[in-house]
Amino acid sequence: MLDKKQKQKIRKAVAYIFTVLMVFAAVAPFVYVVLTAMKTKEQIYDPNQIIPTYVTFENFRHVIFESNFVRYFMNSIFITVVTTMICMVLSVMAAYGLTRYRILGAGKIKMAVLMTRMFPGILLCIPYYIIMKHFQLIDSYTGLILMYCSFTLPFAIWNTCAFFSTIPWELEESAMIDGCSRLRSFFSVIFYVAKPGLFVTALFCFMSSWDEYMYASIFINTTLKKTIQVGMQDFIGQYSVDWGLLMSAVVISLIPILLFFALVQKNLVEGLSAGAVKG
């Protein structure tokens with residue numbers, strides 16, 4: 001029979017092994033993509049060249065300087081940043097009103113907002129197309145941004161409400177007693193305290209817009225207006241795929257997400273930890 005200490009050691013060993021396997025499963029695809037991007041065509045199809053013996057950056061040079069990829073990249077940056085800014089401003093305003101004022105049926109309003117996320121994206125393509133065609137927004141950044149906001153904003157409002165509802169009213173009241181206006185007390189107290197949660201919401205909005213493919217491929221027809229996710233199709237031919245160029249484009253497309261994580265890492269961890277204990 002095993003004693004208590006031996007059982008604990010076995011549990012820890014199993015936990016460590018499971019953690020290592022999960023980390024490997026998460027990191028291995030990314031490593032493989034990076035390695036493939038730095039291979040020549042001959043190395044890519046050589047099974048003995050999983051780790052390349054010769055590293056080349058020719059694929060990156062071709063993607064950046066000899067294709068429309070940079071234009072696609074800037075299109076996605078513009079659409080994603082504008083969508084994130086609009087969603088954050090509107091979600092903060094809506095969440096503040098729903099959590100700080102006595103609004104009849106506030107709970108039902110929040111539930112109704114969240115229910116709009118229940119519909120699958122493909123189901124909304126035809127209604128979106130009819131509406132966008134009526135307002136002449138097909139093949140425009142404005143139409144795409146409005147669509148992105150429509151399915152990103154509901155969760156942003158709900159998530160922001162969850163953080164605002166945990167901030168005691170007394171903090172804001174104390175600031176107002178000290179002479180702050182309601183607007184100043186919001187930026188000085190509420191916004192500062194809820195900053196980690198707002199970063200989590202902003203990250204969700206950013207990633208939802210940056211990674212979106214379906215609507216961008218349907219509603220954008222002009223080549224130079226493509227987003228980065230749709231533009232990667234340029235490296236996929238009818239009968240073959242240029243894996244080196246495609247993997248290089250994938251690596252470049254990950255840069256904004258990685259930078260965002262690096263800049264908000266501290267606040268992101270605090271926001272996720274705070275959200276984990278909310279009832």
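The values are calculated or read from the model by the stated rules, or taken from the named source; none is laboratory data. Just so you know, these numbers come straight off a predicted model, no measurement behind them. Here the Cβ is made from the backbone with ideal geometry for all residues, glycine too, and neighbour counts use every protein chain on show. Surface accessibility is based on the protein's heavy atoms, side chains included, excluding ligands, DNA and RNA. Shrake-Rupley method; radii C 1.70, N 1.55, O 1.52, S 1.80 Å.
If I take R0 = 45 Å and measure r between the Cβ atoms of K41 and C180 in this structure, what FRET efficiency does the formula 1/(1 + (r/R0)^6) give, to the nearest 0.05?
Efficiency, from the Cβ-Cβ distance: 0.10.
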Once both label points are put 7 Å beyond Cα along the C-beta direction, the L171-S240 separation in nm becomes 6.0
Listed residues V23, M38, Q6: farthest to the positive end of the dipole of the stretch 6-54 (Cβ charges)
Q6
Once you list every other residue whose beta carbon is under 14 Å from the beta carbon of R184, what net charge do they have if Lys and Arg are +1 and Asp and Glu are -1?
-2
Which one, I79, P120, S67, is farthest towards the positive end of the dipole of the stretch 67-167 when Lys and Arg carry +1 and Asp and Glu -1 on their Cβ?
P120
Per DSSP H run of at least 4 residues, take -39500 (n - 2.57); add these up for the chain, divide by its residues and hand me the 222 nm value, nearest 500 deg cm²/dmol.
-22500 deg cm²/dmol
Once the whole set of protein chains is in place, how much accessible area is left on H134, using a 1.4 Å probe, in Å² to the nearest 10?
140
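Restricting things to Cα coordinates, could you compute the convex hull volume per residue of the stretch 122-191 in Å³?
Roughly 114 Å³ of hull volume per residue.
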Taking Lys and Arg as +1 and Asp and Glu as -1, residues besides Q49 with C-beta under 9 Å from its C-beta add up to -1
State in Å² the accessible area per residue of the chain; use a 1.4 Å probe, count heavy atoms of protein chains only, and round to the nearest integer.
62
Pairwise label distance in nanometres, I126 with T223, each label 7 Å out on the Cα-Cβ vector:
3.3
Once Lys and Arg are counted +1 and Asp and Glu -1 for all other residues with Cβ under 15 Å from that of M74, the total becomes +3
Could you tell me the center-to-center distance, by alpha carbons, between the stretch 134-200 and the stretch 28-105 in angstrom?
25
Debye, to nearest 20: dipole size of the chain, +1 on Lys, Arg Cβ, -1 on Asp, Glu Cβ
980
On the formula 1/(1 + (r/R0)^6), with r taken between the Cβ atoms of Q233 and I17 and R0 of 41 Å, the FRET efficiency rounded to 0.05 is 0.55
Only one of the listed values, [x] 1.06; [y] 1.03; [z] 0.93, was derived from the coordinates as Rg/Rh (Cα atoms, Kirkwood Rh); which label is it?
[x]
Say the dipole of the chain comes from +1 at the beta carbon of Lys and Arg and -1 at that of Asp and Glu; which of G105, S150, V230 then lies farthest toward its positive end?
G105
